[in-house]
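Just so you know, all these numbers are worked out from the coordinates, no wet-lab data involved. None of these values were measured; they are calculated from a predicted model. Cβ atoms come from the backbone with ideal geometry, glycine included; neighbour counts cover every protein chain shown.
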Amino acid sequence: MSQQTKYKRTAWLLASVVIVAVIALLFFSLPKQASSSSGGLPIIHLAGGNVGAPSPFGSISPGSSTHSDLIFDGLLENDENGVVPWLAKSWEISPDGLTYVFHLRNRVRWHDGQPFSAQDVAFTFNFFRTYPQPRNELMVDAHYIVENAEALDDTTVRLTVDGASSIYLAKIGSVNIIPRHIWEGVKDPLKVPPEKASIGTGPFRFTAFSSQHGTYRLDAFPGFWGPKAVVAAVEWIPVGDQVLAFESGTIDLISVGPDLAARYRGNPEFKISEGHNHSGCRLVFNLRQRPELKDKTIRQAFAYGTNREEMVEKLARGAGAVGSAGSIPADHPFYNPKAAPYPFDLDKARQLLAERTFTFDILARNNMDEIKVAELMKITLAKIGITLNVRSLDGKTRNQILHTGKYDLALYKSGFGGDPDYLRTSYGAPKTEKGLGGNTVGYYNDTLYHLGRQSLRELDTAKRRVILNQMQEVVAEEVPQLILYTIIENYVYRPARFNGWRFRSDRLRNTSDMYKLSFLEDWKG
Amino acid sequence: MHIAEYALTLCLILLVNFGLPRMMPGDPFLNAEDDLDQPFAANLTTEQVAYFRAYYGLDKPLSQQFIGYFCGLLHGDMGYSIQFKESVRNMIFSRLPWTLFMVLASLLLSCLLGSWLGCISALHRTGSLDKALYTGMVLFSELPSFVVGLVLLFVFSVQLRWFPMGGGLSPFVPPGNPLSWLADAVHHAVLPVLALTVSRLSGFYLLARNSMMTVLSKDYVRTAWAKGLGAQRVLWGHALRNAMLPIITRVFLSLGGLFGGAVLVENVFAYPGLGALMGTAVGNRDYVLLQGVFLFMSFLVLSMNALADVLCRKLDPRLA
């Protein structure tokens, strides 16, 4: 062996030793993995991702308030069945429905130790009037509903609203109350740092947030006024694939579609939440662009000529339902079973069209679900003389077209849970020019408009139910929009790890979602 | 001359970066009911949209917006992201090290490994080793990086549990010693780097193989063989230096593109890089963030081109 070869060999050997040593050194320097419990209580791990700072103005998306909802409290809390007392232990509404007096709890403290008072509540409602939040609970028909908010004493606050309404209590109750001592004098709420902006009275306090890594940690607040937390902390951590992360035990909860749910069903290690049919896909007609759609028989022909059972079977994979004719889903407390459905019936559709033929453009978002819906509709409607041209565009381009009203038909997904005031905003609005808020461009129905106004202003629930029932029957007859199908989305978790999950469904979110009461002891108010 | 060219290109880029996002159809404030991942609710009133538009300075005429943007840049101010409500400069510079580390490490690995395999293939160009390598690499080149990433994630994170499920660092670990931080960062980067390396490998392999085959047929290589030099000496000492030119150029040119290519891998591993940020900025029409990210990437591509120019001249005096 030559001298040079010997040197080479030694060099290779040395390099290998150094590489192995570096790897070993790094391996032994690895930090300890995050623990899954603290003080006997579990630490819950959820899939992270940056949705903005957990503060009233920091949230990036209106649909992702889970973090700030744990930090902040509203006057009332919504559980699965309706409102329950929260920061307000009781309330009175004047007979004319214009004044709300809330009696607040004593001995409530902010996370920074300052005492909470009625001044904070009054301040919150006045502040949000000047500085609108990205998510707008207090806007109804483009008006801020709270005209005046004043503290009568330390634990009593009086709000005056712009009109009597059955939906205002829940809206007012859901607003997260912010501390006056932090926000008073703030002129640019978007620039308040999360350490200050995330001080609330809620059961969890802000501990860590990294927008870059999409991580959040909220720890149980020992000074919380209400029910005890049953978890030590909630952590949102970055995971690439949620299903893989759940399988490996990295996260504790995932939302699954029907195919995946089958994997966990029947396995005692997992539990699947009972989902609601409260989100779905709808077809929107543009009556201004295509005046022939003002003839309701054509819209009814769409309803008869669209095979919605096929959509449930092929797209929702059986875990869903044909959209209800009156828009309110069958498992919603305000559902009216008398709203006549439209079974798939091509003969009936042809009869309604009476040999007329039409060609429409249908606008879909460029996701597979909506494109498939459009294509399925195209196939069956072609048989009754309606030709569809599918236009699929990215979300923002689609929105601009919805806004300018330059479309014939559009598909989009929305929620049908929560308060059914959406019957009014979608079908009972005065003639509208844009289709972003779920309404039908160019559609006006006098009966629905007046019933909608009545339902908004009726304070008696039984009377309101009668009005909403009537509205559903008119909607079923009129078909101002066609609710195609709704889907059930389930959550899967390991009960041995944490069994307290509670889910509720609301209008804003497209799915039912886990919420604050999941992490607290049972609470009857 | 070259400096003037680069300056002109930079000016054009500034204009395009400013204009292009605004020319795209769509508007950051126009949302529909199903836009739950968007910064603003669908039910904003016209006045509220006007308030937010004015807040981000989008109500001013375009010329004024451009002047503001340009003056801001001169002060190092890249604006405030509409979606994330954070300073764009901070967002870019906090994510840059992660992407840079991932991209450079994978580029280095794929370049070294790909070139080495390419050279071996070229040396055995008629043999079965070349055929096997060539077929394998062509098959590899068809694998999208996110598929490779998912397979790696499934095998090494779920099954073997050797690596974390995602992210750049272990969350909520109190700052310890720098070595432990480094170990954690490397531990999180292994799979993303591997996925990106695998997806880039065949490109370098094919280029090196092709380039090496051309060089190996040259007269001076035949002379080297005739002199009785060993295969190692001929290959690494004589041929490689000449075959390296296109490889070096490719390394630098692919640097700009790698940020785009890193998007999918960043998504699979929830890696805190720039690529994923750019994706969401486009989806949300976050003009301010788009301007910032595009500008930064253009600047990077330009400087890489300049660097490739200089290096190629050094390597091949004929180009000077």
State to the nearest 20 debye the size of the charge dipole of segment A:61-132 about its Cα centre, where the only charges are +1 on K and R beta carbons and -1 on D and E beta carbons.
280 debye
With the crude spin-label approximation of a point 7 Å out along Cα→Cβ, what separation in nm comes out for A:Ala382 versus B:Arg318?
5.9 nm
Determine the alpha carbon to alpha carbon distance for each of A:Lys372/B:Lys60; A:Lys271/A:Lys413; A:Lys271/A:Lys314; A:Lys171/A:Lys413 and list only those over 32 Å.
A:Lys372/B:Lys60
Stretch B:Ala226-B:Asp77 to full length: gain in nm at 0.36 nm per residue minus the Cα-Cα span?
47.3 nm
If you scale each eigenvalue of the Cα gyration tensor by 5 and take the root, what three semi-axes come out for segment B:104-148, rounded to whole angstrom and sorted largest first?
21, 15, 5
Filtered GluC sites (Glu not before Pro), segment A:354-425: DSSP coil and at most 12 other beta carbons within 10 Å:
A:Glu355
Rg(Cα)/(2.2 N^0.38 Å) for chain B, N = residue count:
1.22
Checking a compactness column here: for the protein assembly as shown, what do you get for Rg(Cα) / (2.2 N^0.38 Å), N being the number of residues?
1.09
Toward the positive end of the charge dipole of segment B:73-169, about the Cα centre and with charges on Cβ (Lys, Arg +1; Asp, Glu -1), which of B:Gln83, B:Val155, B:Ser94 goes farthest?
B:Val155
Show that you can apply the helix-only estimate: for chain A, add -39,500 (n - 2.57) for every DSSP H stretch of four or more residues, divide by all residues, and state [θ] at 222 nm to the nearest 500.
-9000 deg cm²/dmol
Between B:Leu10, B:Leu245, B:Asn284, whose Cα lies farthest towards the positive end of the dipole of chain B when Lys and Arg beta carbons carry +1 and Asp and Glu beta carbons carry -1, centred on the Cα centre?
B:Leu245
Have a look at B:Val221, B:Phe204, B:Ser254 and report the one farthest towards the positive end of the charge dipole of segment B:177-259, computed about the Cα centre with Cβ charges (Lys/Arg +1, Asp/Glu -1).
B:Val221
Would you mind computing, in nm to one decimal, how far apart the modelled labels at A:Ala164 and B:Val190 are, each placed 7 Å from Cα along Cα→Cβ?
7.0 nm
Please compute the modelled spin-label separation between B:Val147 and B:Leu96, points set 7 Å along Cα→Cβ, answer in nm with one decimal.
3.5 nm
For segment A:103-248, what are the per-bin percents of Cα-Cα distances with bins 10 Å wide, up to the bin holding the maximum?
10, 32, 34, 18, 6, 0
Please report, in whole Å, how far the alpha carbons of segment B:42-199 spread along each principal axis, starting with the longest.
72, 41, 36
Can you tell me, using C-alpha contacts under 8 Å and at least 6 residues apart, the relative contact order of chain A as a whole percent?
18 percent
Once every Cα of segment A:244-291 carries one equal point scatterer and solvent is ignored, give the base-10 log of I(q)/I(0) from the Debye formula at q = 0.20, 0.33 Å⁻¹, two decimals.
-0.80, -1.34
If a/c stays under 1.5 just call it rounded; otherwise compare a/b with b/c (prolate if a/b is bigger, oblate if not). Do that for segment A:210-366, with a ≥ b ≥ c from the square roots of the Cα gyration tensor eigenvalues.
prolate
Pull out a ≥ b ≥ c, the square roots of the eigenvalues of the alpha-carbon gyration tensor of segment A:87-138, then state rounded if a/c is under 1.5, prolate if not and a/b is larger than b/c, and oblate in the remaining case.
oblate
With a Förster radius of 25 Å, plug the Cβ-Cβ distance of A:Arg494 and A:Val84 into 1/(1 + (r/R0)^6) and report the FRET value to the nearest 0.05.
0.35
Magnitude of the charge dipole, segment B:1-134, Cβ model with Lys/Arg +1 and Asp/Glu -1, debye to 20
580 debye
Calculated FRET value between A:Asp295 and A:His450, using beta carbons and R₀ = 22 Å, to 0.05
0.45
Among B:Ala50, B:Ala195, B:Ala105, which one shows the highest mean-square fluctuation when chain B is modelled as a Gaussian network with alpha-carbon springs under 10 Å?
B:Ala50
What helices does chain A have that are whole DSSP H segments, at least 30 Å long along their own axis by Cα, and with mean Kyte-Doolittle hydropathy of -1.0 or more?
A:3-29
With +1 on each Lys and Arg Cβ and -1 on each Asp and Glu Cβ, and nothing else charged, work out how big the dipole of chain A is about its Cα centre, in Debye to the nearest 20.
1380 debye
Which of the peptides B:271-278, A:91-98, A:203-210 is most tightly packed, and how do the rest follow, going by the mean number of other Cβ atoms within 10 Å of each residue?
B:271-278, A:203-210, A:91-98
Classify segment A:309-421: rounded, prolate or oblate, from the alpha-carbon gyration tensor (a ≥ b ≥ c, eigenvalue square roots; a/c under 1.5 rounded; otherwise prolate if a/b is larger than b/c)?
oblate
If you filter segment A:386-465 for trypsin sites (Lys or Arg not before Pro), then keep DSSP loop positions with at most 16 other Cβ within 10 Å, what is left?
A:Lys406, A:Lys431, A:Lys434
